[in-house]
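Below is one structure, written out as structure tokens; the observations come after it.
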């Protein structure tokens, strides 16, 4: 019998001005791991550079009951392209020596798989590949995720990976491994639907009290600033029964307490999707708490939706309003209409939710966005009694807003992805000034005066 192939999966560090564990998990990489685990010819190893619960960290990091918390960080040299941003730049995650310790205790891998989310987080990938090369030599390295999907040419030229994988990995990973490893025993199976894909290999994580679930992929809307349609060409939803089974399995297997929905469009076609699986979850009476960090479409929150949220124990509600500026909504965000937010808050309040505990996302930094309109949107949310959450604009390659910035000379088409950082826009001239940016942050955090 041929020996097993050792495959190393790595979730790299975040290099940024700021980072916080807002229910972050490398879900795509864990889906890939689940697929590989079904093939007996692979022995998997996993290093999570963002592991806040590693036993060798030397200290216990602050973690809220809902699973969110701080990362360790080490200040590093700020890239020259970001020199005008007056903030410290750090590497977030496990210490460098701990990563090297992990490598020393692993067999030499036959293949390394790395993921990367934000385009401007690629320095973490560069460092991982550099250390892999020093330790294991020219082992094949495959890079997948959002960054290489959106910017394959930059990834090819900057990160040192041998292969750049674009798009959802589960539909092409097995044929690719068959080719790279020369292993004809590796199946060529292609997963056609989300329900065919094995559930994520959460057993690779150290802390499993809070886990994500993905009930759909993609988005049927075409917001001018969003990458969802670029990452997934087609919108697809899972069967409600499959979602319930996964949540129940994770509760029994991993004793989870918090469930985080990673969907971009959780409430779309709610009568055939979210209503059925929430009703079934309520019947099972599992002691779980649910969270929606990616934002809920306010238009879809009616009386029944609010009632199900309450009965199922949704505690962290984040609503995607984006703006109260009618002109901006018509141009950039067709999923929201005037009056949707007010109605949603009424329904939620009737079910017992405190308005002060409901989070409302508002965009800041869109090209051409008027500072007075941003302030008025913040004031409107405050008048309604809800909590404003600022969503900072990041120019995502391929979106309408990115194209506008390129065509109008604000951003070069081949600009360093570090300039996509959500905290750079006040210093690059296409939107609000640094002073106005600081003023709206202060406005959000100031106490409400009746």
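Coordinate-derived values only; no laboratory data. Everything numeric here is computed off the predicted structure, so don't read it as measured data. Backbone-built Cβ (ideal geometry, glycine too); neighbour counts: all protein chains shown.
Taking neighbour Cβ counts within 10 Å as the exposure measure, how do 215, 117, 265 sort from fewest upward?
Working: 215 22, 117 16, 265 25.
Least to most surrounded, the residues fall as 117, 215, 265.
What does DSSP give for segment 5-181 in terms of the percent of beta bridges that are antiparallel, rounded to the nearest 5?
Numbers: 8 of 26 bridges.
Antiparallel bridges make up about 30 percent of those DSSP assigns within segment 5-181.
If you rank 370, 16 by fewest surrounding Cβ atoms within 10 Å, what's the result? If you can, show how the numbers build up before the last one.
Details: 370 14, 16 21.
Ranked by crowding around the Cβ, least crowded first: 370, 16.
Under 1.5 on a/c is rounded, so check that first for segment 5-181, then, if it is not, pick prolate when a/b is larger than b/c and oblate when it is not; a ≥ b ≥ c are the square roots of the alpha carbon gyration tensor eigenvalues.
On the way: a/c = 1.61, a/b = 1.32, b/c = 1.22.
Prolate is the answer for segment 5-181, as a/c is 1.5 or above and a/b outweighs b/c.
Note down the relative contact order for the chain as a percent, whole number, built from C-alpha pairs under 8 angstrom at least six residues apart. Kindly include the intermediate steps, with their values, before the conclusion.
On the way: 801 pairs, mean separation 57.4, N = 450.
Reported as a whole number, the value is 13 percent.
Mind checking the angle between helix 122-136 and the chain's longest principal axis? C-alpha axes, 0 to 90 degrees, to the nearest 10.
Compared with the principal axis, the helix lies near 10 degrees.
Give me the percent of DSSP beta bridges within segment 208-445 that run antiparallel, rounded to the nearest 5.
Beta bridges within segment 208-445, antiparallel portion: roughly 10 percent.
Mean residue ellipticity at 222 nm from the helices of the chain, using -39,500 (n - 2.57) per DSSP H segment of n ≥ 4 over the full residue count, to the nearest 500 deg cm²/dmol?
Working: 15 runs with 148 residues, N = 450.
That calculation yields -9500 deg cm²/dmol at 222 nm.
Using 0.36 nm per residue, how much length does the chain from residue 195 to residue 64 gain when fully extended, once their Cα-Cα distance is taken away? Working shown, then result.
Details: separation 131, 0.36 × 131 = 47.16 nm, distance 3.19 nm.
Between residue 195 and residue 64, full extension yields 44.0 nm more.
Going by Cα centres, segment 302-317 and segment 39-105 are how many Å apart?
If we compute the Cα centre of each part, the gap is 34 Å.
Sort 307, 323 by Cβ crowding within 10 Å, fewest neighbours at the top. Don't jump to the answer; show the numbers that get you there.
Details: 307 17, 323 23.
Fewest to most other Cβ atoms nearby, the residues stand as 307, 323.
Nearest 10 degrees is fine. How inclined is helix 303-312 to the longest principal axis of the chain, computing both from alpha carbons?
Compared with the principal axis, the helix lies near 50 degrees.
Calculate the FRET efficiency for residue 436 and residue 412 from the Cβ-Cβ distance with a Förster distance of 22 Å, rounded to the nearest 0.05. Show your work: numbers first, answer last.
Working: r = 25 Å, r/R0 = 1.12.
Approximately 0.35, to the nearest 0.05.
If I model a spin label as a point 7 Å beyond the Cα along the Cα-Cβ vector, how far apart are those points for residue 209 and residue 84 in nm?
4.4
Considering only C-alpha atoms, what is the centroid distance from segment 352-414 to segment 175-194, in Å?
Segment 352-414 and segment 175-194 have Cα centres spaced 41 Å from each other.
Report the extension gain between residue 346 and residue 252 in nm, rounded to one decimal, defined as 0.36 nm multiplied by the number of residues separating them, less their alpha carbon distance. The partial results should precede the final answer.
Details: separation 94, 0.36 × 94 = 33.84 nm, distance 3.58 nm.
Residue separation times 0.36 nm, minus the Cα-Cα distance, leaves 30.3 nm.
Need one number: % antiparallel among DSSP beta bridges in the chain, to the nearest 5. Intermediate results must be reported in sequence, preceding the final value.
Working: 10 of 49 bridges.
Here the antiparallel bridges make up roughly 20 percent for the chain.
Can you give me the angle between helix 371-384 and the longest principal axis of the chain, using Cα atoms only, in degrees from 0 to 90, rounded to the nearest 10?
Once rounded, the angle reads 80 degrees.
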